[in-house]
Amino acid sequence: MDYSKQIQEIASKLFAENKIDYFVGYKQNSFDDSQVPFLITDPAEIPKLVFTDRSVFNLANYLKPDHTKRKRVGLVVKGCDSRALNLMLTESQVKRENVYIIGICCEGVLNEKGEKAQNCVECVMPDPVVYDEMIGTPTGKREYKVNVDIRELATKALEERADYFESIFENCIRCNACRHSCPLCYCAKCCLDQETSTLYHGANTSSGAMHALMTWSLHLAGRCVDCRNCEKACPSHLPLHLLHKQNESVIYENFQQHLAGMEKDDRGAFYKYSLSDPDDFIL
Amino acid sequence: MARVGVFVCFCGANIAGVVDVPAVVQEAKKIKEVKIAIEYKYVCSDPGQQMIRDAIVQNRLTSVVVAACSPRMHEKTFRKALSDAGMNPYLLEIANIREHSSWVHQKDKKAATEKASDLIRMAVAKSIANEQLHEISVPVTKRALVIGGGIAGIQAALDIADARIPVTLVEKSPSIGGRMAQLDETFPTLDCSQCILTPKMVDVASHPYIELIPYSEVIELQGYVGNYKVKIKKKASYVDFSTCTGCGTCTQKCPVKVPNEFNMNIDKRKAIYTPFPQAVPNKPVIDAEHCTMLLKGKCGICAKFCEKGSINFKMVDEVIEREIGAVVIATGYDLWDPKPYEEYGVGRYKDIITSLEFERMVSASGPTNGVPVRPSDGKVPKNVVFIKCIGSRDEAKGIEYCSKICCMYTAKHAILLHHKVPDSHAYIFYMDIRAAGKGYEEFVKRAQVETAATYLRGRVSKIYKKGDKLMVRGEDAQIGQVVEVEADLVVLATAVIAPKDNPALARLLGVSYDKYGYMSEAHPKLRPVETAKAGIFLAGCTQAPKDIPDTVAQASACAAKVCGLFAGDTMKKDPMISTINNEFCSGCQNCITVCPYQAIVTEEIPLGYGSKEMRTVAKINEGVCQGCGSCVAICRSMAITLAGFTDTQIINEIVAI
């Protein structure tokens, strides 16, 4: 999978036609074969743009800041990234006319060890769900499977699981990198930063971290698209996907097989109210 | 420093029988902020309230906790006591130690006492964070909407309109009149149903304060008490009512014949029809499902013969809007379909009919000109068996409740049968005879004595055919024997059920309904006319099975409620509603999708102080907000606060235990 040429062509075309102010893509890292997000305003830098199976980050995150929100942006998205972008569009965080979306039919990206990443192995939607221009051949939606780690955890005893999570939360340093790296954590003022949120205080204790991470994952329940930007950003290398994948599997089972961001104007499982919702549990 | 007063109620033995009230008071006194804690037999009584008022003044209290029954019972009472003592009424907090403790933990008195103390600790902690709130005043639109044009809707509309309040009456079918128009004579006085109903129907049509919209349905209701906006879909009638004179030529000439639902499908009507001769408005409509012109584009005979040119095949459904302040729901009832009674041969034997079919037959204006006949051969029946409780009081096949009117109308049917066919005999199989009502027991006696109807106590187990007769086998429990009756005609007293559209309508209007589909009243005894949604009232069988006198009484009660609501120009509204801190709002608009009252809209605010760039945030319409708190729960950035239930208050409560 190497779409660098196509992306460079599209970027030059967009700048030439004055359709965009910014272009967000990937650039080769200077010290190893990994890539970093790359935001350009000058067409002279276009040759540096690349896209291979090392283009791991979710670039939709770069639409969050105020200065990009109000500019016309050209953006490279993979299948999962496009689902996040879809939710950002639905939740009025991005204006559709402000973003030119280059959707990639993704063949899966690699993890640090050079293997196909877990979320790519389990990917349900490799094709972009929203785009202006598509690169590659779409392969369609795939069957949903419960995450392998979640299945393994479910076989363990409750105490064992509790100890395992305790050890995870102990290592959280509350740097909030997970939040900043998530394209769907765009709140003007995060609940974890508010004075009234006394329950989340207690900074670097494991219970403080538990409250913070649990709250955070519940705010992403039914919205998380499994791009794993948070895990890539975490300096403590916490397996944050466990929280999200657990929520996802419960929601898939109980909310009519709901998967986040797959459809236009779908707000996620918890944010809908419909007359046809079952209400037989209400007294 | 907070100074809290705690008042613990015995509620007679209701609370004190289980909870150790003096111990609870001692426990409350240990809380640092509590300046005074008193027990009293009935805090809601006048001396009890006086005690609160005195304590507020003497101890300079900053908030009050009443530990008593549910806030649904007496929150208003105690709020008033606070404001009488010069205190903001919203500084009151109620600890519900009756429903939440003494009633539910009767077997464990110690635990109940501990729980009561915990509930008081929580209430004290919350009350310290309570803020002064002030009632909101909203304007009122003085127009009522009545849904359903049966006797309930007619009576409610007339009573409201007589108080010079404009009414919009919406009826689903082409004419008002409802079920009562189908009846022949009514119990217990045997006066002719149509003779007493049609003058009221005409009054509705000619009343200057009533706007009658027939052949239409309510499709949307938005807003809140005093300020609702309703959308009404006028179904295409294909007849221009403004020019139609109701001459009836079109109905005569129409070649299409379809079953007549007004006569319970016993005879046929045309595809262009008025439901019955006394219909109001007396203008025909075209049944689009059967009209050949509308289906195949051929025919149009009615249009050719119409002198006024009133027929317009291009007419389409029209949606109209009205601003209203209150709603009366009067959707009436349906009858239970007796198909599950296979052992009776329902569906196989033509001579088994339902009570309403019999009613149409004995009606002078009915399909058989007032003479009951056997559907199989058209002969006049001599032996008629009436079977009561078909579907009602039947958990296995039908519904559990008693449909209330069947005992009475079956007695009436026996009398009517005797009047129309004097040499006939009526056999009535019954479970109980329920005749509670003015003149009702006497009426049943009259059926038993005057017409010599044979009342047989017991259920029918089987009906089978023998020649052209139906053999009805049942039990006579009074003699303890199986009896068989040879019948020419069998009439099933089928149960009254809620119209099948009721749940959909209830959801559309935002009122609750029970498992049978009947609309739920706010309180079964003390608020039988109101729904839980302010400004929406119930009349007639939409709430539960009722006879005509009860229905009319309830309809008039609705009118009194509507008039009371519209007595002033503005209404006071509870201030416990949501507010949005738009600094924190990220504009995701999820609160808008979860709000069941459409109370949240968007607004544009500057990006920063003095900035020319704008951003979109959410905004609460305080008139519409009911304070349910859905938006508060859904808001991730905690930008929404519900007055009276702030995060600080709730966290205080949690921390207190």
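The values are calculated or read from the model by the stated rules, or taken from the named source; none is laboratory data. Since the structure is predicted, the reported quantities are computational estimates derived from the model, not experimental observations. Don't worry about glycine lacking a Cβ; one is built from the backbone with ideal geometry, like all the others, and counts go over all protein chains shown.
A few notes on this one:
- Among residues of the stretch B:606-657 being touching a Phe, Trp or Tyr at 6+ places or on another chain (Cβ under 7 Å) and among the small types (Gly, Ala, Ser), the one that is farthest from residue B:119 (Cα to Cα) is B:623.
- Restricting the stretch B:620-633 to residues that are closer than 18 Å to residue A:189 by Cα and crowded, with 18+ Cβ neighbours inside 10 Å, the residue that is farthest from the chain's Cα centre (by Cα): B:632
- Output for the stretch A:11-34, where each listed residue is surrounded by 15 or more Cβ atoms within 10 Å (Cβ to Cβ) and within 25 Å of residue A:66 (Cα to Cα): A:11, A:12, A:14, A:15, A:20, A:21, A:22, A:23, A:24, A:25, A:26, A:27
- Matching residues in the stretch B:166-193 - criterion: being in contact with a strand residue (DSSP E or B) (Cβ under 6 Å, 6 or more places away or on another chain) and among the hydrophobic types (A, V, I, L, M, F, W, C): B:167, B:169, B:170, B:192
- Qualifying residue in the stretch B:190-209 (condition: outside any helix (DSSP H, G or I), without any contact (Cβ under 8 Å) to a residue 40 or more places away in the chain and of a type in the set (Asp, Glu)): yes
- Condition check for residue B:655: part of a strand (DSSP E or B), in contact (Cβ under 8 Å) with a residue 12 or more places away in the chain and within 11 Å of chain A (Cβ to nearest Cβ): no
- Qualifying residues in the stretch B:576-614 (those that are more than 10 Å from chain A (Cβ to nearest Cβ) and in contact with a helix residue (DSSP H, G or I) (Cβ under 7 Å, 6 or more places away or on another chain)) - the one modelled with the lowest pLDDT: B:600
- Only one entry of A:114, A:136, A:103, A:108 meets the criterion of being free of Cβ contacts under 8 Å to residues at least 40 places away in the same chain and surrounded by 15 or more Cβ atoms within 10 Å (Cβ to Cβ), and that entry is A:103.
- Boolean, residue A:237 is on the phi < 0 side of the Ramachandran plot and not assigned by TED's automatic domain parsing to the domain that holds residue A:91: no
- Note on the stretch A:142-159: residues that are part of a loop (DSSP other than H, G, I, E, B), of a type in the set (A, V, I, L, M) and touching a Lys or Arg at 6+ places or on another chain (Cβ under 9 Å) total 1.
- Qualifying residue in the stretch B:77-88 (condition: within 30 Å of residue B:30 (Cβ to Cβ), acidic (Asp, Glu) and either outside any helix (DSSP H, G or I) or touching a residue at least 40 places away in the same chain (Cβ under 8 Å) (or both)): no
- Restricting the stretch A:58-77 to residues that are more than 14 Å from chain B (Cβ to nearest Cβ) and in contact (Cβ under 8 Å) with a residue 60 or more places away in the chain leaves a set whose member that is surrounded by the most Cβ atoms within 10 Å (Cβ to Cβ) is A:60.
- Which listed residue is closer than 30 Å to residue B:566 by Cβ and either of a type outside the set (Ser, Thr, Tyr) or buried (at least 16 other Cβ atoms within 10 Å of the Cβ) (or both), from B:260, B:227, B:265: B:227
A quick yes/no check of all residues on (1) free of Cβ contacts under 8 Å to residues at least 24 places away in the same chain; (2) over 20 Å from residue B:314 (Cβ atoms); (3) not aliphatic (A, V, I, L, M):
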| residue | (1), (2), (3) |
| --- | --- |
| B:218 | no, yes, no |
| B:221 | no, yes, no |
| B:228 | no, yes, yes |
| B:233 | no, no, yes |
| B:239 | no, no, no |
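- Screening residue B:455 on (1) touching a residue at least 40 places away in the same chain (Cβ under 8 Å); (2) assigned to a strand (DSSP E or B) shows it passes everything except condition (1).
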